[in-house]
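J.: If you scroll down you'll find the structure; I have some questions about it.
Values in this text are rule-based calculations from the coordinates and carry no lab data. Only a predicted model underlies this, so the values are computations on that prediction, with no experimental measurement involved. Note: ideal-geometry Cβ built from the backbone for every residue, glycine included; neighbour counts use all protein chains shown.
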Amino acid sequence: MKSIISVSHLNKKYENGFQALKNINLEIYQSEIFALLGPNGAGKTTMINIICGISKATSGKIMVGGYDIVDNYRQTRSLIGLVPQELTTDAFESVWNTVNFSRGLFDKPPNSSYLEKTLKDLSLWDKRNHRLMTLSGGMKRRLMIAKALSHQPRILFLDEPTAGVDVGLRKDMWALVRGMKDSGVTIILTTHYIEEAEEMADRVGVINHGELILTENKATLMNKLGTKNMTIELKDPLQEIPQHLEKYDLKLIGSKLIFSYDSKKEENGVSALMEDLSRANIKYSDLNTKQSSLEEIFVKLVNS
């Protein structure tokens, strides 16, 4: 696959000695959705700001679309659209003038039909003549996306794009993001909503304490690190887990036994557990299995 962003040995150290990024190496491929996950203060926004030319790296090299971000700032910045965490808008300007002005900043010719489609896709067309001060927080968030898309970038950074956006509009924005990917736009997403990454991403990167601890195809990651949980609905509740079952990874929750196991192992303990339940005359009415979610995997990674 062809890289559209290449990050090599990236470091960021502040004057007070705090090192926000530590030797980051990362390839982001054309037309993929890449989810960058990490707890607060992990370095996600710092890395995005450096790639977008807002902050300077202490050391390292970044290429965007084949251009060095330092030597070819204008070329690389024109390829990028950024939706930052912070909402910064001119309260007295209209929605239409805001996105139109943003397009002009990148020396793009007027294109009313494109801007109209963008605002309609983001459910903002009816608000096009409204001043920004009259918009709700969710509408302002969508306006930031419209601004970032105004110059038709090839790369879109979404830094917590759905913070403060209700569930219905969040799903509309997911649909818009998928459409952009299908049109060839590369999307880098940071989010606290792990279900967004699970729903949207092709690949996942996990950053913690300034270090990129993992990059992996989402499906491969979930298969590699995800355990399966088997829920056994008991006919007769147990007061505690019997001693002869303590060798298994079991949790007792009400009338349910939860068994965690590695589905990739041939000897995963499922058959042995069922035999031991039968020998102990412990009867069950139902059982089902569930793969670990990306959120559970993420928590395991950052706490390890």
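J.: List, largest first, the extents of the alpha carbons of the chain along their principal axes, each in whole Å.
T.: Result for the chain: principal-axis Cα extents of 77, 46, 38 Å.
J.: Assuming R0 = 51 Å, what is the FRET efficiency of S271 and K2, from their Cβ-Cβ distance, to the nearest 0.05? Each step should come with its number before you reach the end.
T.: Details: r = 46 Å, r/R0 = 0.91.
Efficiency for this residue pair is about 0.65.
J.: Which values of log₁₀ I(q)/I(0), to two decimal places, follow from the Debye formula for region 228-302 at q = 0.21 Å⁻¹ with a uniform point scatterer at every Cα?
T.: After summing over all Cα pairs, the log10 values are -0.97.
J.: Roughly how many nanometres apart are two label points built 7 Å out from the Cα toward the Cβ at S136 and E240?
T.: 5.2
J.: Follow-up. If I model a spin label as a point 7 Å beyond the Cα along the Cα-Cβ vector, how far apart are those points for D182 and T58 in nm?
T.: Those two pseudo-labels are separated by 4.5 nm.
J.: Given the Cα-Cα distance of K228 and K247 and 0.36 nm per residue of separation, how much length would full extension add, in nm? All intermediate terms of the calculation are to be shown ahead of the outcome.
T.: Values: separation 19, 0.36 × 19 = 6.84 nm, distance 1.72 nm.
Result: 5.1 nm gained on full extension.
J.: Pop out the ³J(HN,Hα) list for region 243-255 in order, Karplus 6.51 cos²θ - 1.76 cosθ + 1.60 with θ = phi - 60°, rounded to Hz; leave Gly and Pro as x.
T.: 4, 6, 9, 5, 6, 8, 7, 10, 10, 9, 10, x, 9
J.: Could you order peptides 118-128, 230-240 by the average number of other Cβ atoms within 10 Å of their residues, highest first? Can you show the working numbers first?
T.: Details: 118-128: 17.9, 230-240: 13.0.
So the peptides 118-128, 230-240, ranked by packing, come out 118-128, 230-240.
J.: Given the options V185, V99, V270, state which has the largest fluctuation in a GNM of the chain using a 10 Å cut-off (strictly under) for Cα springs.
T.: V270
J.: Name the trypsin sites (Lys or Arg not before Pro) in region 1-39 that are in a loop by DSSP and that have at most 16 other C-beta atoms within 10 Å, would you? Don't skip to the end; give the middle numbers.
T.: Working: sites: K2, K12, K13, K22; in loops: K2.
In loop regions of region 1-39 (DSSP not H, G, I, E or B), the sparsely surrounded trypsin sites (Lys or Arg not before Pro) are K2.
J.: Kindly identify region 105-162 as rounded, prolate or oblate by the Cα gyration tensor criterion: order the square roots of the eigenvalues as a ≥ b ≥ c, call it rounded if a/c is under 1.5, otherwise compare a/b with b/c, prolate if a/b is larger, else oblate. All intermediate terms of the calculation are to be shown ahead of the outcome.
T.: Details: a/c = 1.90, a/b = 1.20, b/c = 1.58.
Oblate, since a/c reaches 1.5 and b/c is not below a/b.
J.: Starting from the Cα coordinates of region 1-157, work out the convex hull volume and express it per residue in Å³.
T.: Details: hull volume 21.2 nm³, N = 157.
Cα-based convex hull of region 1-157, divided per residue, equals 135 Å³.
J.: Given H placed 1.01 Å from N in the peptide plane, which residues other than close sequence neighbours of D249 have an amide H under 5 Å from its amide H?
T.: Counting only residues 5 or more places away or on other chains, the set is S260.
J.: Can I ask one more? Looking at this model, which pairs from K56/K300; K13/K171; K120/K218; K127/K181; K44/K228 are more than 28 angstrom apart at the alpha-carbon?
T.: On the way: K56/K300 32 Å; K13/K171 37 Å; K120/K218 31 Å; K127/K181 26 Å; K44/K228 30 Å.
Too far apart for the 28 Å limit: K56/K300; K13/K171; K120/K218; K44/K228.
J.: Now for a separate question. For the pair D126/E195, report the inter-label distance in nm, with labels modelled 7 Å from Cα in the Cβ direction.
T.: 2.5
J.: Quick one: net charge around K12, please, counting Lys, Arg +1 and Asp, Glu -1 for every other residue with C-beta under 10 Å from its C-beta. Before the final figure, lay out each step's value.
T.: Values: positive: K13, K22, K56; negative: none.
Result for the local shell: +3.
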